[in-house]
Amino acid sequence: MSRPADDTLERPGHIYFILVGDFIKIGWSSNFSKRIWHMRTAFPQEPKLIGILAGTQRQERIVQRHFADCRARGEWFKRDQKLLAYIEERTEQGLWTCNDWPE
């Protein structure tokens, strides 16, 4: 799979956190409503949106790297208390600022 060019990584969109069973998907989309509609038919269980934020694909990757120790496969992460706390803390504010992103 090819990686997007650097300028594509800065496109505005949404970072979303979807809970399915014991796993959380950390994903990005420039058209979230269309993306979530397609995802609803892709899983045997109903996916639950547990957080959504304005952000770029580059920021999504930063979050994914920050929780690399919880990664199950690809964009899927094990349901972990520190990941759930992070999502709850960040999403209750609505939007993350650049200073809020993990290093």
**Q.** Residue that is modelled with the lowest pLDDT, among those in region 1-21 that are in a loop (DSSP other than H, G, I, E, B) and surrounded by 10 or more Cβ atoms within 10 Å (Cβ to Cβ)
**A.** P4
Q.
Please go through region 38-79 and give me each residue that is touching a helix residue (DSSP H, G or I) at 6+ places or on another chain (Cβ under 9 Å) and under 13 Å from I18 (Cα atoms), ordered by number.
A. E46, P47, L49, I50, G51, I52, L53, E75, F77, K78, R79
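The values are calculated or read from the model by the stated rules, or taken from the named source; none is laboratory data. Since the structure is predicted, the reported quantities are computational estimates derived from the model, not experimental observations. Glycine gets a Cβ as well: all are built from the backbone with ideal geometry, and neighbour counts include every protein chain shown.
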